[in-house]
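Working notes, beginning with the structure itself.
The values are calculated or read from the model by the stated rules, or taken from the named source; none is laboratory data. Source: prediction; values computed, not measured. Methodologically, a virtual Cβ is constructed for each residue, glycine included, from the backbone with ideal geometry; neighbour enumeration extends over all protein chains shown.
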């Protein structure tokens, strides 16, 4: 799930990424990786909530599209099924999620 909060005072959008408890069953750690984190170079650690979801908020520049995925326990990739779009991954036969701002 993706929540967008556009700021009037800055050219950025606060984007909250949430991986549901159902998608993160038994997960110990979840990281958000994508264009904005240079993929695996700077993954963004997500925090687990009491309900079992994993969440993080990132400031992203308006007017762009960003590809991303969730990395569960360092080995399993997951998409956000409420993303704005999906594009083919250039490295595998899977797709990346896209958030459009």
If the Cβ limit is 6 Å and pairs must be 6+ apart or interchain, which residue in the stretch 19-38 that is in contact (Cβ under 8 Å) with a residue 40 or more places away in the chain pairs with which residue that is outside any loop (DSSP other than H, G, I, E, B) and loosely packed, with under 14 Cβ neighbours inside 10 Å? 31/45
The conditions are (1) more than 13 Å from residue 101 (Cα to Cα); (2) free of Cβ contacts under 8 Å to residues at least 60 places away in the same chain; (3) crowded, with 16+ Cβ neighbours inside 10 Å, and residue 60 fails exactly one of them. Which is it? (1)
Per the filter on the stretch 23-44, residues out of contact with any strand residue (DSSP E or B) (no Cβ under 7 Å at 6 or more places or on another chain), in a loop (DSSP other than H, G, I, E, B) and modelled with pLDDT under 95 are 25, 26, 38, 42
Any idea which residue in the stretch 1-22 is nearest to the chain's Cα centre (by Cα), counting only those that are surrounded by fewer than 13 Cβ atoms within 10 Å (Cβ to Cβ) and assigned to a loop (DSSP other than H, G, I, E, B)? 22
